Amino acid sequence: MSDTKTFLITGVSTGLGHALARAALAAGHRVVGTVRTPADARAFEALAGDAHARILDVTDHDAVDTVVDETERDLGPVDVLVANAGYGLDGLFEESSMDDLRRQFEVNVYGTVAVIKAVLPHMRERRSGHIIAVTSMGGLITMPGLSFYHGSKFAVEGILETLGKEVADFGIHVTAVEPGSFRTDWAGRSMIRAPRAIADYDELFEPLRARRTRGSGHQPGDPDKAAAAVLRVVAADQPPTRLLLGTDALRLVKAGRDAFERDMLAWAELSASTDFDDVSRSA
């Protein structure tokens, strides 16, 4: 059996999506990549290999269904879905609007779910497939000024983990890919920054925002190495449920989990005290 697969990757114009698409094409795979403009579509199809561009806004759920169904009909089964399209909102909770929250979830959560829901029935019928969503280390840990972004990524993490348990018997793998800081446009032109308004937060937030801005283009993570890592996961017989990418992700997520465990243990007696007495005696 050929190892060549058909990938559907959302958001291939820049960043990790672009790096992964190029790596998959170089490995001989067919890649259907979604973009937002005709110019991006032409640029993608000019890449070497079996590249097929589709113009798509993942918040247009009817269009998502159409792109997936046409891909299955015209190009063959989607073996690997990579739900990559998304963006970051840099803004304090109190200074970010409800419209900011809505847009963040429409792309990062609803758009991701829409693509997965469009692909899943085809994979379930075939009893095979791999669903990958690019979340973030920010789906497992938090930093000030990214509350809405973190909320969207935490939501995707919970959805993916649950989905993986629901489809495991159908031969479908589900993996959350959680990058740390990579040298992409995430913290640059792709990031939306909420306007500042409340001076009480200046001391906390202004240095953080300035650091993110200065750090764009100087992050430790190499997108090409991230793409190679994802392809290794795709080739694995038993791929992981979660894949952290980057030493910063490993360090920060471990620190977050250690802090959670300290709190859990410190308050374990109070936590256990809330059961009915007969349950506690029988435990």
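The values are calculated or read from the model by the stated rules, or taken from the named source; none is laboratory data. Please read these numbers as outputs of a predicted model, since none were measured by experiment. Here the Cβ is made from the backbone with ideal geometry for all residues, glycine too, and neighbour counts use every protein chain on show. SASA here: full protein model, heavy atoms, side chains in, ligands and nucleic acids out. Shrake-Rupley method; radii C 1.70, N 1.55, O 1.52, S 1.80 Å.
List every residue pair whose Cβ atoms sit under 6 Å apart, with the two residues 6 or more apart in sequence or on different chains, where the first one lies in region 22-49 and is touching a residue at least 60 places away in the same chain (Cβ under 8 Å) and the second, anywhere, is open to solvent by less than 10 Å² (accessible area, probe 1.4 Å) and not in a loop (DSSP other than H, G, I, E, B).
Pairs found: A23/A227; A24/F7; A24/V31.
Can you find, within region 163-193, the residue that is modelled with the lowest pLDDT among those that are out of contact with any strand residue (DSSP E or B) (no Cβ under 8 Å at 6 or more places or on another chain) and open to solvent by 70 Å² or more (accessible area, probe 1.4 Å)?
W186
Does region 91-101 contain at least one residue that is modelled with pLDDT of 95 or more, under 24 Å from T184 (Cβ atoms) and in a helix (DSSP H, G or I)?
yes
Among the residues of region 60-92, write down those that are of a type in the set (D, E, K, R) and free of Cβ contacts under 8 Å to residues at least 60 places away in the same chain.
To start, the set of residues in region 60-92 that are of a type in the set (D, E, K, R) comprises 60, 62, 65, 69-70, 72-74, 79, 90.
If the condition is that a residue be of a type in the set (D, E, K, R) and free of Cβ contacts under 8 Å to residues at least 60 places away in the same chain, then D60, D62, D65, D69, E70, E72, R73, D74 are the ones that fit.
What is the residue count in region 196-240 for residues that are open to solvent by 80 Å² or more (accessible area, probe 1.4 Å), outside any helix (DSSP H, G or I) and under 24 Å from V156 (Cβ atoms)?
2
Look at V115 and say whether it is aliphatic (A, V, I, L, M), farther than 26 Å from S97 by Cα and over 13 Å from the mean Cα position of the chain (by Cα).
No.
For R127, only one of the following conditions fails: (1) under 17 Å from A176 (Cβ atoms); (2) open to solvent by 50 Å² or more (accessible area, probe 1.4 Å). What is its number?
Unmet for R127, out of (1) under 17 Å from A176 (Cβ atoms); (2) open to solvent by 50 Å² or more (accessible area, probe 1.4 Å): (1).
Pick out the one residue from T14, T37 that is open to solvent by 40 Å² or more (accessible area, probe 1.4 Å) and at pLDDT below 95.
Only one candidate qualifies: T14.
E106 passes all but one of (1) over 30 Å from L208 (Cβ atoms); (2) open to solvent by 30 Å² or more (accessible area, probe 1.4 Å); (3) under 20 Å from the mean Cα position of the chain (by Cα); which number fails?
Here E106 clears every test but (1).
Would you point out which residue out of V31, V109 is outside any loop (DSSP other than H, G, I, E, B), touching a His at 6+ places or on another chain (Cβ under 9 Å), modelled with pLDDT of 95 or more and closer than 25 Å to R189 by Cβ? Don't jump to the end; show me each part of the working.
Working: V109 fails: touching a His at 6+ places or on another chain (Cβ under 9 Å).
The conditions single out V31.
Give the residues of region 1-28 that are of a type in the set (D, E) and in a helix (DSSP H, G or I), sorted by residue number. Show your work before the answer.
Step one: filter region 1-28 for residues of a type in the set (D, E), giving 3.
Across region 1-28, there are no qualifying residues.
I'd like the full set of residues that are of a type in the set (G, A, S) and in a loop (DSSP other than H, G, I, E, B), limited to region 67-89. First the steps, then the outcome.
The first filter runs over region 67-89 and keeps only residues of a type in the set (G, A, S), leaving 76, 83, 85-86, 88.
G76, A85, G86, G88, listed by residue number.
Find all pairs meeting these conditions: Cβ atoms under 9 angstrom apart; at least six residues apart or on different chains; first residue within region 155-169 and assigned to a helix (DSSP H, G or I); second residue aromatic (F, W, Y) and open to solvent by 60 Å² or more (accessible area, probe 1.4 Å).
Between residues of region 155-169 that are assigned to a helix (DSSP H, G or I) and residues that are aromatic (F, W, Y) and open to solvent by 60 Å² or more (accessible area, probe 1.4 Å), there is no close pair.
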